[in-house]
Each structure stands twice: as structure tokens, then as C-alpha cells.
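*Asks:* Next up is a structure, given as C-alpha cells.
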Amino acid sequence: MLVGETSGSPTRGDATDWLLIDAGSGPVVEGCVVVPVTARGQETRARLLIAAEKVFGERSYFQVSMADITREAGVGNGTFYLYFPSKEAAFRELVKERGHELRMVTHLAAEGASGRPQAERAGFAAFFDFINRHRHLYRIVRQAEFVDADLFREYYDLFAAGYRTALSAAMDRGEIARLDPEVLAYCLMGIGDFVGMRWVVWSSDPIPEDVFDAAMRFIATGLSGVQPVASEGGGAAE
């Protein structure tokens, strides 16, 4: 929520125009997060978030201090408070911002695809590329469950909401089988989450082509609604 705008830096010449936004409604976070509108201020804020991503990912939220973030960012402690009222506020902004970036890159990648199966392939490729470039994100999002449970759920709910809408539209166009779109969204998110963890985060390399192709074949088959082949006994084939 936009709560105010002033001209001139509050205490230093690090930025000239500032927007103040609600840092969150949780019981711990207080005050406002400052969003600069000048290039210099935006660059400093981005450096702080990049530093926070590194130190939170390498250690954990509870083992990191505000001074650890500023030391990694190469700025003074006072600069931190020009942008974030607390360590928790910085953590929340990091999770929200990286979540937004991830949703945007996957959406843009899938947008030009000729059909939903092709959109899934493009979106998953963008997802795996993003986590390859942001390897600490897995650990940071999991930490969010213990720092702010609402933030943790919001991260997944927002991703699922857009996914659900896209899948419903694809069903209406007859591109994929008619299934519960929310169930399908979380199934696909689960595939991406665990395949990415095993073959990107744990391996420290981009996802292997054969692994990616296997996952995409599995997804394409599921989206088509093809029924499993029955065994002679009448059940699904083993």
C-alpha cells in the first residue's frame, strides 16, 4: 500500500525520491519499506537484496544479522535502514521480489507458445534456468515457513493462482484434458520443485537435457488425459 512520498533523501543523499510501502501486516514487522525511484537508490536496494539472498541462503535467517547483509553488500549499516526497517522486512521483500521475478519469467516464456503443452515446456525451461541463477532461493523459501508462515504460503498461492487461470483457459480451448485446475497446478509445481531440487540445486549444474525431456514427456502425457494401460488383471499396468 502506498502510504507516502517525499522529495529528498530522508537522511542521506543515496536517493532523491522515495516511496514508502507497508512492510507487511505480521506481528513482528513494523514500519515501512522504502522503495527508491531513482536509479542510484534502486541499485543500492538491489545490492542489499542480492547480499541478503547470498547470506540467508548460505547460512539461515536466524544466523544472519543486519550487519552481515551490509558487509556483503559493501554499504554502511545506516544505509540498510534507509530501505528496510528490520532484518525481517528485508527477508520478506526478498521472498516477495524473487517470487514475482520467477512468476514473470515463466509467464513471459510461456506466453508465445502455440499450445499448453508447448507453454509448459517453455515455462519449465525458464523455471529451471531461473533457479540455476538463484540457487539459494530453495533454501530461503523453505526458511520462510519458520519466519513468516503466511509469507511462505503466499509464495506458492500466488504462483498457483496464475497457473490455475492459464490451465483453465487451456482446458476451455481444448488443448489439455479437463481436470481440476488447482489440483493440476499444484501437481505441476511439485514436479518442477523436486526435479529442480534434484537435478539443478543438488547437482550445481543446469538441468541435463535428457532429464528435462523425460519430465516434459511425463507432463505432456498427463495433460493429454491418456489413461494408463490396464493389466490383464484389470488394474493399471505396473
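*Asks:* Taking the range 112-150 as the region of interest, how many residues are among the acidic types (Asp, Glu) and under 17 Å from Ala185 (Cβ atoms)?
*Replies:* As a first pass, look at the range 112-150 and keep what is among the acidic types (Asp, Glu): 120, 129, 145, 148, 150.
Checking which are under 17 Å from Ala185 (Cβ atoms) leaves us with 120.
The qualifying residues number 1.
*Asks:* Which ones in the range 188-224 are surrounded by fewer than 14 Cβ atoms within 10 Å (Cβ to Cβ) and of a type in the set (A, V, I, L, M, F, W, C)?
*Replies:* Phe194, Met197, Trp202, Ala214, Phe218
*Asks:* Same structure again: Can you pull out the helices (runs of 4 or more DSSP H) entirely within the range 100-174 that have at least 2 residues that are over 17 Å from Tyr61 (Cβ atoms), of a type in the set (D, E, K, R) and in contact with a Cys (Cβ under 9 Å, 6 or more places away or on another chain)?
*Replies:* No helices (runs of 4 or more DSSP H) qualify here.
Since every read-out is calculated from the coordinates, none of them should be taken as a lab result. Note that the coordinates shown come from a computational prediction; the quantities given were computed from them, not determined experimentally. Note that we place each Cβ from the backbone using ideal geometry, even for glycine, and neighbour counts take in every protein chain shown.
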